[in-house]
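Asker: Provided herewith is a single structure, encoded as structure tokens, for subsequent inquiry.
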Amino acid sequence: MGKNQHVVPHGKDWAVKGAGNSKATYITGTQSEAIDLAKDIAQNQKTELFIHNRQGQIRERNSYGTDNYPPEG
């Protein structure tokens, strides 16, 4: 099973990191680009994507795996 993906600040840039990894998978100049890369990884691995703000707090979370509580509607 794959690792959950995190989009985190990396100095003035943004990084994509697998959960528990010390090194970034990707480093990009924009958060949007990092989100696109992380989303592809999370979808391929059927894991979750956590998007952090500049202060490091999670601002958004998306599940691409088997969700025990999928959204209704």
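Asker: Under 6 Å between Cβ atoms, at least 6 apart or on separate chains: pull out the pairs that start in region 4-27 with a residue that is of a type in the set (Ser, Thr, Tyr) and end on any residue that is crowded, with 21+ Cβ neighbours inside 10 Å and in a strand (DSSP E or B).
Answerer: THR25/VAL16; TYR26/VAL16
Asker: Can SER32 be described as assigned to a loop (DSSP other than H, G, I, E, B), out of contact with any Cys (no Cβ under 6 Å at 6 or more places or on another chain) and either of a type in the set (Phe, Trp, Tyr) or free of Cβ contacts under 8 Å to residues at least 12 places away in the same chain (or both)?
Answerer: No, not satisfied.
Residue-by-condition table, conditions (1) at pLDDT 95 or above; (2) among the basic types (Lys, Arg); (3) in contact with a Gly (Cβ under 6 Å, 6 or more places away or on another chain):
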| position | (1), (2), (3) |
| --- | --- |
| ASN4 | yes, no, no |
| ALA15 | yes, no, no |
| TYR26 | yes, no, no |
| ASP36 | yes, no, no |
| LYS39 | yes, yes, no |
| ILE51 | yes, no, no |
| ILE58 | yes, no, no |
| GLY65 | no, no, no |
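The values are calculated or read from the model by the stated rules, or taken from the named source; none is laboratory data. Note that the structure is predicted; figures quoted are calculated from it, not measured. We place every Cβ from the backbone using ideal geometry, glycine too, and count neighbours over all the protein chains shown.
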